[in-house]
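The values are calculated or read from the model by the stated rules, or taken from the named source; none is laboratory data. In this text the structure is predicted, and so the values were computed from the model without any measurement. Positions of Cβ are generated from backbone atoms using ideal geometry, with glycine treated the same way; all protein chains shown enter the neighbour counts. SASA here: full protein model, heavy atoms, side chains in, ligands and nucleic acids out. Shrake-Rupley method; radii C 1.70, N 1.55, O 1.52, S 1.80 Å.
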Amino acid sequence: MAKISLCIEPVLTEYALEDRIRIAGETGFKAVEFWDPAGRDLSRLASAAAASGVRIAGCTLNQAWTCRMDQSADQVVANVRRSIEMAGELGCPTMIGLAGDLTGRTDTQKNILIENLKRVADLFVQADLTLVLEALNSYVDHKGYYLDSSLVAFEIAKCVNCPNIRMLFDVYHMQIMEGNIISHIRENIDWIGHFHTAGVPGRHEPMDGENNYPYILSQIDALGYDRYVGLEYWPTYDHRQSIADCLAHMTV
């Protein structure tokens, strides 16, 4: 059965991250996630999570927006090694990697991503961690981003062919780009290592949008998925009430 995590970056923004972890735990969340570990006091975050009985379900690779997976092999491997050390400090099982931006009219990046992911796959196997490559929408939020198709992301994961290298399926982004959410999930569930959710359009509360998240979650559960589904959204009203309402909606 899928487990719900809360991305604490866009919520409870008047509080420090460790206080957001505490409030998430008080609200009923058993797991949280955040973005870049760079510059964060990781031991403090890990202690806050332990004290609140909350798991840190995921974070991005170190400096994920500047150290992307399409860069030179030496850069990618070095950054992955550092990122794995950070994940160890947090007890975090999943890290998120990003592709690069479009640099030309021809599709040159797919093969680079495959080769770089193959280079780091054993590092994640040895650390017993999962790296998930995230596809984003290039219509609204991330114009110019290369990997804006779940189907291409699945092809990349299949070529790497390592259970520790998967895709982050962000329902918000893929609803904007592709739709056909349930079919794409059913056909590729073995290559999904993490989900993100938010309402479409707007990226706000998941109950206010065109996706039926309780139904999507029921289908994910029916497929035997037992990893995390992250709430990554921007609240439109009181944040404490919003995250409580979202948790109730996602656990109907």
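Take the conditions open to solvent by less than 10 Å² (accessible area, probe 1.4 Å), in contact (Cβ under 8 Å) with a residue 12 or more places away in the chain and closer than 23 Å to GLY100 by Cβ and apply them to ALA31. Does it pass?
No; evaluated as a whole, the condition is false for this residue.
Rundown of residues vs (1) in a helix (DSSP H, G or I); (2) open to solvent by less than 80 Å² (accessible area, probe 1.4 Å); (3) of a type outside the set (D, E, K, R); (4) touching a residue at least 24 places away in the same chain (Cβ under 8 Å), yes/no style:
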position: PRO37; (1), (2), (3), (4): no, yes, yes, yes
position: SER43; (1), (2), (3), (4): yes, yes, yes, yes
position: ARG68; (1), (2), (3), (4): no, yes, no, yes
position: GLN75; (1), (2), (3), (4): yes, no, yes, no
position: ILE84; (1), (2), (3), (4): yes, yes, yes, yes
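What about VAL32, is it of a type in the set (A, V, I, L, M), part of a helix (DSSP H, G or I) and touching a strand residue (DSSP E or B) at 6+ places or on another chain (Cβ under 9 Å)?
no
Could you check how many residues of the stretch 38-85 are of a type in the set (Lys, Arg), closer than 21 Å to ASN116 by Cα and touching a helix residue (DSSP H, G or I) at 6+ places or on another chain (Cβ under 7 Å)?
1
Going through the stretch 71-104 one residue at a time, which ones are under 24 Å from ASP141 (Cβ atoms) and not hydrophobic (A, V, I, L, M, F, W, C)?
GLN71, ASN79, SER83, THR94, GLY97, GLY100, ASP101, THR103, GLY104
Working only within the stretch 122-131, note down all residues that are part of a helix (DSSP H, G or I) and either surrounded by fewer than 18 Cβ atoms within 10 Å (Cβ to Cβ) or among the β-branched types (Val, Ile, Thr) (or both).
Selection gives ASP122, LEU123, VAL125, GLN126.
Could you list, in sequence order, all residues of the stretch 117-141 that are touching an Asp or Glu at 6+ places or on another chain (Cβ under 7 Å) and either farther than 19 Å from CYS59 by Cβ or modelled with pLDDT under 95 (or both)?
Scanning the stretch 117-141 gives ASN137, SER138.
Sort out which residues of the stretch 228-252 are in contact with a Phe, Trp or Tyr (Cβ under 8 Å, 6 or more places away or on another chain) and either of a type in the set (Gly, Ala, Ser) or more than 29 Å from GLU14 (Cα to Cα) (or both), and write them in order of number.
GLY230
Spot the failing condition for ALA50; the list is (1) open to solvent by 30 Å² or more (accessible area, probe 1.4 Å); (2) within 18 Å of HIS194 (Cα to Cα), and only one is missed.
(2)
Does any residue of the stretch 231-251 turn out to be in contact with a strand residue (DSSP E or B) (Cβ under 7 Å, 6 or more places away or on another chain) and open to solvent by 40 Å² or more (accessible area, probe 1.4 Å)?
Yes - at least one qualifying residue is present in the stretch 231-251.
For residues in the stretch 179-202 being among the polar types (S, T, N, Q) and open to solvent by less than 20 Å² (accessible area, probe 1.4 Å), which is nearest to ILE243 (Cα to Cα)?
THR197
Restricting to the stretch 1-26, count the residues that are crowded, with 20+ Cβ neighbours inside 10 Å and under 14 Å from GLU232 (Cβ atoms).
Going through the stretch 1-26 one residue at a time, the tally reaches 9.
So for the stretch 203-210 (the condition being open to solvent by 50 Å² or more (accessible area, probe 1.4 Å), within 19 Å of the chain's Cα centre (by Cα) and on the phi < 0 side of the Ramachandran plot), does at least one residue qualify?
yes
Does GLN63 satisfy being open to solvent by 60 Å² or more (accessible area, probe 1.4 Å) and assigned to a helix (DSSP H, G or I)?
no
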